1. Could you run through region 55-79 and say how many residues are in contact with a Leu (Cβ under 9 Å, 6 or more places away or on another chain) and modelled with pLDDT of 90 or more?
2. Pull up region 5-20, narrow it to residues that are more than 8 Å from the ligand (Cβ to nearest atom), of a type in the set (S, T, N, Q) and open to solvent by 30 Å² or more (accessible area, probe 1.4 Å), then point me to the one that is farthest from Phe57 (Cα to Cα).
3. List every residue pair whose Cβ atoms sit under 6 Å apart, with the two residues 6 or more apart in sequence or on different chains, where the first one lies in region 31-43 and is within 9 Å of Leu64 (Cα to Cα) and the second, anywhere, is acidic (Asp, Glu).
4. Being within 16 Å of the ligand (Cβ to nearest atom), open to solvent by less than 80 Å² (accessible area, probe 1.4 Å) and within 9 Å of the chain's Cα centre (by Cα) narrows it down to one residue among Ala75, Ala40, Ala31; which is it?
Amino acid sequence: MTDYPTTPCGSCKKPVIWTVTANGKRLPVDAQPTSDGTVALTAAGNQVRSRVVEVKFRFGRRDLHKAHFSSCPQANTWRRR
Ligand SMILES: [Zn+2]
């Protein structure tokens, strides 16, 4: 469940949320939060900001997303670009 706009991944067509990291980089994350996710999302205007949560703060959370780089079956092909 998510309130953020999703886009189909260009490679595997799974819905992803495009976010902007603290460094201003674009980072796609899986639309569905998972118990082994690492990224917290916050809405900021029409952007979604992402922040990697430290391991010690992840325990028990169910609202963290996985970077799509790590779950996309096609990651090896599009990471090179
Ligand atoms: Zn993908």
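The values are calculated or read from the model by the stated rules, or taken from the named source; none is laboratory data. What you see is a predicted model, and the numbers here were worked out from it, not measured in a lab. Here Cβ is always computed from backbone atoms with ideal geometry, including for glycine, and neighbour counts include all displayed protein chains. SASA here: full protein model, heavy atoms, side chains in, ligands and nucleic acids out. Shrake-Rupley method; radii C 1.70, N 1.55, O 1.52, S 1.80 Å.
1. Number satisfying all stated conditions: 6.
2. Let us first name the residues in region 5-20 that are more than 8 Å from the ligand (Cβ to nearest atom), namely 5-8, 15, 17-20.
Adding the requirement that they be of a type in the set (S, T, N, Q) leaves 6-7, 19.
Checking the rest, the ones that are also open to solvent by 30 Å² or more (accessible area, probe 1.4 Å) come to 6-7.
Numbers: Thr6: 26, Thr7: 28 Å.
Within region 5-20, the match that is farthest from Phe57 (Cα to Cα) is Thr7.
3. Within 6 Å, the pairs are Pro33/Asp63.
4. Values: Ala75 fails: within 9 Å of the chain's Cα centre (by Cα); Ala40 fails: within 16 Å of the ligand (Cβ to nearest atom).
When all the criteria are applied, what remains is Ala31.
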